[in-house]
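See below for the structure under consideration.
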Amino acid sequence: MQTTQYLNEIIQELQYTSSLISDEDAEKLVNTIFESKKVFVVGAGRSGFMAKSFAMRLMHMGVDAYVVGETVTANMDKQDLLIIGSGSGETKGLVSMAEKARKIGGTVAAVTIFPNSTIGKLADFTVKLPGAPKDQSESEFKTIQPMGSLFEQTLLLFYDAVILRFMNKQGLNSYTMYGKHANLE
């Protein structure tokens, strides 16, 4: 297969996974962001990169948003939301963060392949993103892509769709958001 043929196959996989995401679960995440004082996002590895891009767009919309682990991250409170993106829902460091957020009394949302995972069970609610886990040997979900790529790509696109829905509900557009874009570069 040629590179562009692989690209077309990846796009077909993403179209399929996106069609399986619950509108109700997605809307709950959007509404919970609206209701929260601060929003914290986290993920490990490539899922962490997706979380950082999501936090950036939240900030562009005027949401008080933070990436867990950054030196400028604020403290979490009871009125706040922690969004954890984890394919497996079992990453030890992320489990610990979910437990801490629960003890604080904040809301925890898990975006994961496995809602019945440890993180999924700790969460107040989950958004299930279909996809293959890193170890695809026993997965019923098939992908041509390596490891967790399909989940990570779906996660990024899902986060971008959440941003668009939030923008729509707030009456924002790229022009109104641009005023919060970095201007020292």
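The values are calculated or read from the model by the stated rules, or taken from the named source; none is laboratory data. In this text, all values refer to a predicted model and were calculated from it rather than measured experimentally. Here the Cβ is made from the backbone with ideal geometry for all residues, glycine too, and neighbour counts use every protein chain on show.
Kindly evaluate E90 against the criterion of being of a type in the set (D, E), closer than 15 Å to G48 by Cα, in contact with a helix residue (DSSP H, G or I) (Cβ under 6 Å, 6 or more places away or on another chain) and crowded, with 18+ Cβ neighbours inside 10 Å. Spell out how you get there, then give the answer.
Details: of a type in the set (D, E): yes; closer than 15 Å to G48 by Cα: yes; in contact with a helix residue (DSSP H, G or I) (Cβ under 6 Å, 6 or more places away or on another chain): yes; crowded, with 18+ Cβ neighbours inside 10 Å: no.
No, not satisfied.
Search the stretch 170-185 for residues being assigned to a helix (DSSP H, G or I) and under 17 Å from D64 (Cα atoms), and hand back the single one that is modelled with the highest pLDDT.
It comes out as Q170.
So which of S149, S117, S86, S139 is touching a strand residue (DSSP E or B) at 6+ places or on another chain (Cβ under 7 Å) and of a type in the set (S, T, Y)?
Only one candidate passes the filter, namely S86.
Which one of M97, M50, M76, M61 is in contact (Cβ under 8 Å) with a residue 12 or more places away in the chain, surrounded by fewer than 19 Cβ atoms within 10 Å (Cβ to Cβ), touching a Leu at 6+ places or on another chain (Cβ under 9 Å) and not hydroxyl-bearing (S, T, Y)?
Details: M97 fails: surrounded by fewer than 19 Cβ atoms within 10 Å (Cβ to Cβ); M50 fails: surrounded by fewer than 19 Cβ atoms within 10 Å (Cβ to Cβ); M76 fails: surrounded by fewer than 19 Cβ atoms within 10 Å (Cβ to Cβ).
Testing whether each residue is in contact (Cβ under 8 Å) with a residue 12 or more places away in the chain, surrounded by fewer than 19 Cβ atoms within 10 Å (Cβ to Cβ), touching a Leu at 6+ places or on another chain (Cβ under 9 Å) and not hydroxyl-bearing (S, T, Y) leaves just M61.
One line per residue, one yes/no per condition, for (1) farther than 25 Å from Q5 by Cβ; (2) in contact with a Ser or Thr (Cβ under 8 Å, 6 or more places away or on another chain):
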site	(1), (2)
S96	yes, no
V111	yes, yes
S117	yes, yes
K121	yes, no
D124	yes, yes
M147	no, no
T154	no, yes
L157	no, yes
T176	yes, no
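For residues that are among the acidic types (D, E) and free of Cβ contacts under 8 Å to residues at least 24 places away in the same chain, scanning just the stretch 10-34, find the one that is farthest from P146 (Cα to Cα).
E24
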